[in-house]
Amino acid sequence: DHGLNEADPDVRAIINKEKERQFKSLELIASENFTSRAVMEAVGSCLTNKYSEGLPGKRYYGGNEYIDELETLCQKRALAAFHLDENKWGVNVQPLSGSPANFEVYTAILNPHDRIMGLDLPHGGHLSHGFMTPKRRVSGTSIYFESMPYRLDESTGLVDYDMLEKTATLFRPKLIIAGASAYPRDFDYPRMRKIADAVGAFLMMDMAHISGLVAASVVADPFEYCDIVTTTTHKSLRGPRGGMIFFKKDPVLGVDLESAINNAVFPGLQGGPHNHTIGGLAVCLKHAQSPEFKAYQNQVVSNCRALASRLVELGYTLVSGGSDNHLVLVDLRPLGIDGARVEKILDMASITLNKNSVPGDKSALVPGGIRIGSPAMTTRGFTEREFTAIADFIHEGVKITIDAKGLVSGSKLQEFLKFVASPGFPLTDKVSD
Ligand code: PLP
């Protein structure tokens, strides 16, 4: 049996190139991170060979003695990492990723065409929270359920809870979804709980982006107010790619969430769990309970604040004026440029971030903003000092974009590439393959 070098040099070469790209770029995509070598080892292990449809102790295949042990350990660690009482909360660690986890919740507690309300995608929400355009139901969530988004107050960049309350009173959703992909502030869970209770809706939080911050208690705790909490496992939590669904054990609105959600995951929407991922997740959740993890998440938030305050110093407009978490959203429209061009120019200098729509945008393809996140480079050892410098780099890229008006050439660009080529940053070698 050969290793990858001999068995498939083509794939090995591609992995090497990707590793090099990850190593040398400034990775600022808010949903990405560098997971640990230990997680990678578990994900690349023999756990991938095993079928284990069902739950620990209730499997449809033999030979699951150790898989049962692993999944039970992973569940226990998941509850401990989020400070949950095992008598009150349960968790399913089998969702293959964040979008399937969300759809599993919807099918567990709703009937087809029941009504849901999530944050609109152009205002920071996620596709899987029910995105649709006036012309098209884009996400499966909006095809199979009736979706009415809530939005931000464009003057403050904060969720417009008054409007959410008014709309919910008329629309009467069965589910209200908190959580976002591009929202730099905490959600007001007590307010959302009140609104959900007033209309008889479930309240779910999709904490995908901030689950690491929640585990480290550096942002507000959604578990105090929500019935269900979903998450991906590969963003700020720094685990393998996957998903989890946490649910209250006591029935909510007459629904036994535990059996409804477990059945929705399997056999409703999935088959065999990805045991290698569950292994990697268990490793990540052990680490998530350590003092180093808490220190890391504190640094993620401090770094993001340093980045935000330097950007403000440089004259940038940030959606909501700043950040309480791991990301900032820069509104570039006052400068007369868009996020797509800035993303492209920065990419040429190995600064990786993404264009993002900002409240009031007309186009999702050429949106007016960029989203910048701190988790990945904090894993690589960056502190406030480097994040302040990152703001300066981005500023240089923006100036080039303004000068070039989209023309990606010229001596200014060459100067810029030279400028960012030798930052002298203390990068730690955290890119494992
Ligand atoms: N939920 C939120 C808030 C997200 O930001 C994302 C992904 O970015 C997802 C869910 C979906 O996760 P996945 O890409 O794993 O399906």
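Some observations on this one:
- Peptides 122-128, 155-161, 59-65, 269-275, ordered by how many other C-beta atoms sit within 10 Å of their residues on average, highest first, read 122-128, 269-275, 155-161, 59-65.
- Per-pair calculated FRET efficiency, R0 = 35 Å: His395 and Val138 via Cβ, rounded to 0.05: 0.55
- Per the Kirkwood formula applied to alpha carbons, segment 116-181 shows a radius of gyration over Rh ratio, Rg over Rh, of 0.94.
- In this structure segment 216-353 gives 35 Å² per residue of accessible area when probed at 1.4 Å with all protein chains present.
- Extension gain, Val366 to Asp197: 0.36 nm times the residue separation minus the Cα-Cα distance gives 57.0 nm.
- Residue-level accessible surface for Asp347, protein heavy atoms, 1.4 Å, Å²: 90
- Electrostatic bookkeeping for Glu343 treats Lys and Arg as +1 and Asp and Glu as -1; over the other residues with beta carbon under 12 Å from its beta carbon, the sum is +2.
- The chain: C-alpha gyration tensor shape, a/c 1.5 cut-off, then a/b vs b/c: oblate
- Each residue of segment 92-99 was assigned a 3J(HN,Hα) from its phi angle through the Karplus curve 6.51 cos²θ - 1.76 cosθ + 1.60 (θ = phi - 60°); the sequence is 10, 9, 8, x, 6, 6, x, 5 Hz, with glycine and proline shown as x.
- Of all DSSP bridge pairs formed entirely within the chain, close to 65 percent run antiparallel.
- Cα centroid separation - segment 126-175 against segment 253-282, whole Å: 26
- Along principal axes, Cα extents of segment 53-164, largest first, whole Å: 55, 30, 19
- Options Val300, Asn92, Phe171, ranked by Cα towards positive dipole end of the chain, top entry (Cβ charges): Phe171
- Inter-site label distance for Leu269 and Asp256 at 7 Å from Cα along Cβ, in nm: 2.1
- Mean separation of Cα pairs under 8 Å and 6 or more residues apart, divided by the residue count, gives segment 135-265 a relative contact order of 16 percent.
- The relative contact order of segment 208-353 comes to 19 percent, based on Cα pairs under 8 Å that sit 6 or more residues apart.
- Each label point was placed 7 Å from the Cα along the Cα-to-Cβ direction; for Asn111 and Ala38 their separation is 4.8 nm.
- Contour minus Cα-Cα distance for Glu20 and Glu86 (0.36 nm per residue): 19.5 nm
- Restricting the calculation to Cα atoms, every distinct pair contributes to the Kirkwood radius of segment 285-413, found to be 15.2 Å.
- Fully extended contour minus Cα-Cα distance, from Glu154 to Thr169, at 0.36 nm per residue: 3.2 nm
- Rounded to the nearest Hz, the phi-derived 3J(HN,Hα) couplings of segment 52-62 under the Karplus curve 6.51 cos²θ - 1.76 cosθ + 1.60 (θ = phi - 60°) are 8, 3, x, 10, x, x, 9, 9, 9, 9, x, where x marks glycine and proline.
The values are calculated or read from the model by the stated rules, or taken from the named source; none is laboratory data. The structure displayed is predicted, hence computed values, not measured ones. Positions of Cβ are backbone-derived with ideal geometry, glycine not excepted, and every protein chain shown enters the neighbour counts. What goes into the accessible areas is simple: the full protein's heavy atoms, side chains included, and nothing from ligands, DNA or RNA. Shrake-Rupley method; radii C 1.70, N 1.55, O 1.52, S 1.80 Å.
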